[in-house]
Amino acid sequence: MAEAGAKNAGRFSPLVALSEDEQLFRDNVRQFAEEKIRPVAREMDEKGAFDHSLIDQFFQLGLMGIEVPEQYGGGGGTFFDAILAVEELSRVDASAGVVVDVQNTLVNNALLRWAAEEQKRRYLPKMTSEWVGAYALSEAGSGSDAFALATRTELKGKEFILNGQKLWITNGKEATLFIVFASLDPALGYKGITAFLVEKGFPGFSIGKKEDKLGIRGSSTCELILEDCQVPVENVLGEKGKGYKIAMETLNEGRIGIGAQMLGVARGAWEAALKYSQERKQFGQPIANFQAIRFQLAQMGTEIEAARLMVYNAARRKDAGMNFVKEAAMAKLFTSQVAQRVTSLAVEIFGGYGFTKDYPVEKYFRDAKIGAIYEGTSNMQLATIAKLVLDK
Ligand SMILES: Cc1cc2nc3c(=O)[nH]c(=O)nc-3n(C[C@H](O)[C@H](O)[C@H](O)COP(=O)(O)OP(=O)(O)OC[C@H]3O[C@@H](n4cnc5c(N)ncnc54)[C@H](O)[C@@H]3O)c2cc1C
């Protein structure tokens, strides 16, 4: 952050330095999250449903098309801007964070990178103004082994016919556009996988069961059912048989978003613990006076700082056009571990109150767990990192 009076600030920029525009953007998102999301976060968690009026406000604030060029109605911002937004939203509510994360770092990102000009003109103005997006790769039988997917497609006239079921699809309940991966021919292995732009209203498409979850309960996670689903040929995203590349490369970027989500969750829990430790008195004094608590808070802050450096660096590398695959996997792995440790300690610092729903930290604790699971489990991140450092 640019601090007044800092010497040589232009020459030696701290790794986490934000430009004035970035600071302004972050502050706006932070204020919005405090004023509009914090009051409804607990209710969304309890009901297991996202507040639709918030989605309208995400669109109005430009949070649903951060990187999309202005010509398609977007904000013309950077990937780093999207990361800042996800962090700030998740600091207050990780479900709000993931709605915006999937829209920007997966769906819009894939459209910007792989869609034909005509598809961009058709879909991006909707994605920046009214349509929520979802990214549908996983199935009941294929999670970590994503390319073993069983959803099939065949060309019939001017349409591809899709059959199968997707599972765990974030934004399933709210989305209008789904990026769906299906195989043209199992014998081709991953080379048969093709990505499709599927609209909710296409014949043969329906939403199945919604999961009842441990954390990020406000975010919908749904099954998708494709029964002779008719998708026009012009809705193939990228090239036929190149779906595996789209899936892999989009998720490489998406992981930085999950890192930002986990960074936000850890910060939210830490800030709550800092405040509580100075208010709660035992033995006639604030518990923040006890060295054990001070050291826990210091350790939590240190880990958050390290996590922030990793997430910001990975995002800056992506914006700079540098390779970021290893850094993204490391950031997601580490930040999800930090979020679990920090939120767990925050519950302990709140004592018995931390274990109740009257205080916010038990929710942060539950919300932190997903970071180690989606967009590649921690084991899969370790496999990617190990491959990149060992098998050059
Ligand atoms: C809330 C939520 C939201 C989600 N959102 C989406 C979404 O929007 N779109 C989407 O496509 N998917 C989504 N997913 C799916 C998610 O990406 C998968 O759950 C995840 O990839 C893990 O797959 P799996 O659940 O089948 O677990 P599995 O792959 O069965 O893994 C089970 C365990 O085995 C380990 N394991 C598996 N293979 C190996 C290996 N080779 N080496 C070492 N360990 C291994 C894993 O690390 C894990 O610990 C979501 C999931 C959840 C829970």
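The values are calculated or read from the model by the stated rules, or taken from the named source; none is laboratory data. No experiment lies behind these values; they were computed from the predicted model shown. Reconstructed Cβ throughout: ideal geometry from the backbone, glycine too, with neighbour counts over all protein chains shown. With ligands, DNA and RNA removed, areas are computed over all heavy atoms of the protein, side chains included. Shrake-Rupley method; radii C 1.70, N 1.55, O 1.52, S 1.80 Å.
Data for the structure
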| quantity | calculated |
| --- | --- |
| One residue from Ala383, Ala320 being within 13 Å of the ligand (Cβ to nearest atom) and among the small types (Gly, Ala, Ser) | Ala383 |
| Hits in segment 178-206 (condition: more than 10 Å from the ligand (Cβ to nearest atom) and crowded, with 18+ Cβ neighbours inside 10 Å) | Ala182, Ser183, Leu184, Gly192, Ile193, Thr194, Ala195, Phe196, Leu197, Val198, Phe202, Phe205 |
| Residue within segment 222-244 that is basic (Lys, Arg), modelled with pLDDT of 95 or more and within 16 Å of the ligand (Cβ to nearest atom) present | no |
| Single condition Gly164 does not satisfy, out of (1) over 18 Å from Tyr123 (Cβ atoms); (2) part of a strand (DSSP E or B); (3) open to solvent by 30 Å² or more (accessible area, probe 1.4 Å) | (3) |
| Residue in segment 308-320 that is over 18 Å from Glu87 (Cβ atoms), part of a helix (DSSP H, G or I) and either at pLDDT 95 or above or open to solvent by less than 30 Å² (accessible area, probe 1.4 Å) (or both) present | no |
| Qualifying residue in segment 283-291 (condition: part of a loop (DSSP other than H, G, I, E, B), open to solvent by less than 70 Å² (accessible area, probe 1.4 Å) and over 29 Å from Leu388 (Cβ atoms)) | yes |
| Residue within segment 125-137 that is charged (D, E, K, R), at pLDDT 95 or above, surrounded by fewer than 22 Cβ atoms within 10 Å (Cβ to Cβ) and near the ligand (Cβ under 9 Å from one of its atoms) present | no |
| Residue within segment 105-114 that is closer than 16 Å to Val236 by Cβ, more than 16 Å from the ligand (Cβ to nearest atom), open to solvent by 10 Å² or more (accessible area, probe 1.4 Å) and not aromatic (Phe, Trp, Tyr) present | yes |
| Some residue of segment 269-277 being in contact (Cβ under 8 Å) with a residue 60 or more places away in the chain, more than 27 Å from Lys392 (Cα to Cα) and among the basic types (Lys, Arg) | no |
| Qualifying residues in segment 215-241 (those that are open to solvent by 40 Å² or more (accessible area, probe 1.4 Å) and in contact with a helix residue (DSSP H, G or I) (Cβ under 8 Å, 6 or more places away or on another chain)) - the one farthest from Gly204 (Cα to Cα) | Arg217 |
| Top-ranked residue of segment 207-219 - restricted to ones that are touching a Lys or Arg at 6+ places or on another chain (Cβ under 7 Å) and in a strand (DSSP E or B), ranked as nearest to the ligand (Cβ to nearest atom) | Lys210 |
| Residues satisfying the stated conditions in segment 144-177, i.e. without any contact (Cβ under 8 Å) to a residue 12 or more places away in the chain and within 12 Å of the ligand (Cβ to nearest atom) | Asp145, Ala148 |
| Pick from segment 220-246, criterion charged (D, E, K, R) and in a loop (DSSP other than H, G, I, E, B), ranking: nearest to Gly141 (Cα to Cα) | Lys242 |
| Restricting segment 363-375 to residues that are within 12 Å of the chain's Cα centre (by Cα) and either more than 6 Å from the ligand (Cβ to nearest atom) or not β-branched (Val, Ile, Thr) (or both), the residue that is surrounded by the most Cβ atoms within 10 Å (Cβ to Cβ) | Glu375 |
